[in-house]
Amino acid sequence: MAIKLSALYETTNKKDIKLVAGKNGLDNVVRWAHMIEGIEISTFLEGQELSFVTGIALEKEEGLFELVKHTYYNHASGMVINIGPYIKSIPEEVLEFCNEHNFPLFEIPWHVYMANFIKSFCYQITISDRTNIELSAAIKNAIFLPEQENSYIPQLEMQNFNSEWPYCIALISILEKSTQKIVDEKRRSKFLKQIENMVTYSYERTFVLEIEGRFVLLFAQYSEKEIRDIIEKINKKFMELLKKEENIYLSIGENTQNIKCLEKSYRKAMNILKLQNRRGKNGEIGVYSNLGLYKLLLSLEDKEVIKEYYCETLGPLVKHDELNGTDYILVLDTYLKHSGSVKEVALQLFYHRNTINYKLAKIQEILSCDLSQLNTRVIYSVALMLRDIV
């Protein structure tokens, strides 16, 4: 985690440090402070550092502009310049660049000991990190140890999360298409920073953490619409960052009555996330309130009963497809989703209507059923939905 640059600036004596450009970037997030005395050093930045410059290594005054540009393009959050024997003043072109790119630029007079600022800022970032570690632990306890209220309620309330507020969990998972495995830690770190910037530092009563490679977003006192709007913004941004070989799955659980029910919201969001994956809903947000019949089916805890029902209803058709290379399950699924319209099935699957009629006749023969009966359609529709759950 980190802290906003504006929060760091507010803790200073503004007589000793002055904001001279880029004020619209004060909401930038700072993860650490770093001394930058040359362009080569700026390439080591990992992003979101606050850089400090004395100018001791600059061979000429024009070099400051290049250093500022390189630091900005290496994703620093801002820069502090020590005005003195090496940098007598900040050129106008530097100020214009920082204002244009919303890159906060501060100056400190030479007589002020700059190391004190670095020490103070790093201390505050460290305190913020510790707080977030404790908050992450409290949220995990609320999810996985809901009965042990003393392990999470005091810490959450200490950080101004009221235990009686309604809470909701949203989940985001990014997988490699070929392996269906969660992307590596380096990629997750990049995405996590984006979520933190877009949510934790922009919206009150929110928090982001990672559990088993998935991003967990906590919302307190937010409506479903507000949560969905935020998740849609994240999804839009992530679509720009995803590689071609990556998929993203998103889910929003149920709004709970209070923090003690957080486990339910997490569990439902997790079930929806798995459902999105199995149904191939890449880039689509699964919302608990919009699940329809799936809401009931996901609440079934006896997976053996689900498998038994699926096998009893669709087992013969699945076996026939496997042995003969037919696509009867696909045809049946499409037929039921289009309310029994042979025309629509033929259009979607690129078959002639006579071919669809033939396949439907074979399906009814294999299953010993009559698909013209509403009750029969319901039975097999439910079975096909259960296929996405087991």
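The values are calculated or read from the model by the stated rules, or taken from the named source; none is laboratory data. Computed from a prediction, not measured in an experiment: that's the story for all the values here. Quick reminder, even Gly has a Cβ in these numbers, built from the backbone with ideal geometry, and neighbours come from all protein chains shown.
Does residue 381 satisfy the criteria of being part of a loop (DSSP other than H, G, I, E, B) and surrounded by fewer than 17 Cβ atoms within 10 Å (Cβ to Cβ)? Spelling it out, it is not the case that residue 381 is part of a loop (DSSP other than H, G, I, E, B) and surrounded by fewer than 17 Cβ atoms within 10 Å (Cβ to Cβ).
Just a yes or no: is a residue in segment 136-150 of a type in the set (Phe, Trp, Tyr) and assigned to a loop (DSSP other than H, G, I, E, B)?
No.
Please find, among 265, 289, the residue that is exposed (fewer than 14 other Cβ atoms within 10 Å of the Cβ) and under 17 Å from residue 227 (Cα atoms). None of the others qualify; the one that does is 289.
Would you mind stating whether residue 46 is among the charged types (D, E, K, R) and not in a loop (DSSP other than H, G, I, E, B)? No: the conditions fail for residue 46. From the set of residues in segment 368-378 that are under 14 Å from residue 333 (Cα atoms) and part of a helix (DSSP H, G or I), which is modelled with the lowest pLDDT? So, considering only residues that are under 14 Å from residue 333 (Cα atoms) and part of a helix (DSSP H, G or I), the one modelled with the lowest pLDDT is 378. Restricting 268, 237 to residues that are touching a residue at least 12 places away in the same chain (Cβ under 8 Å), of a type in the set (Lys, Arg) and closer than 16 Å to residue 299 by Cα narrows the list to 268.
Just give me the residues in segment 36-74 being under 14 Å from residue 22 (Cβ atoms) and not basic (Lys, Arg), in sequence order.
Residues of segment 36-74 under 14 Å from residue 22 (Cβ atoms): 50-51, 68-69, 71-72.
The answer is 50, 51, 68, 71, 72.
Looking across segment 195-245 at every residue that is among the aliphatic types (A, V, I, L, M) and loosely packed, with under 15 Cβ neighbours inside 10 Å, the one that is farthest from residue 261 (Cα to Cα) is identified as 241. Scanning segment 136-153 for residues being in contact (Cβ under 8 Å) with a residue 24 or more places away in the chain and more than 18 Å from residue 256 (Cβ to Cβ) gives a total of 1.
Every test in (1) under 23 Å from residue 6 (Cα atoms); (2) among the polar types (S, T, N, Q); (3) without any contact (Cβ under 8 Å) to a residue 40 or more places away in the chain is passed by residue 189 save one, and that test is (1). Here 103, 97 are screened, and the one residue that is surrounded by 21 or more Cβ atoms within 10 Å (Cβ to Cβ), at pLDDT 95 or above, within 35 Å of the chain's Cα centre (by Cα) and in the same structural domain as residue 15 (by TED's automatic domain parsing) is 103. Could you grab me the full set of residues in segment 17-48 that are buried (at least 17 other Cβ atoms within 10 Å of the Cβ) and either assigned by TED's automatic domain parsing to the domain that holds residue 191 or basic (Lys, Arg) (or both)? Of everything in segment 17-48, just one residue is buried (at least 17 other Cβ atoms within 10 Å of the Cβ) and either assigned by TED's automatic domain parsing to the domain that holds residue 191 or basic (Lys, Arg) (or both), namely 31.
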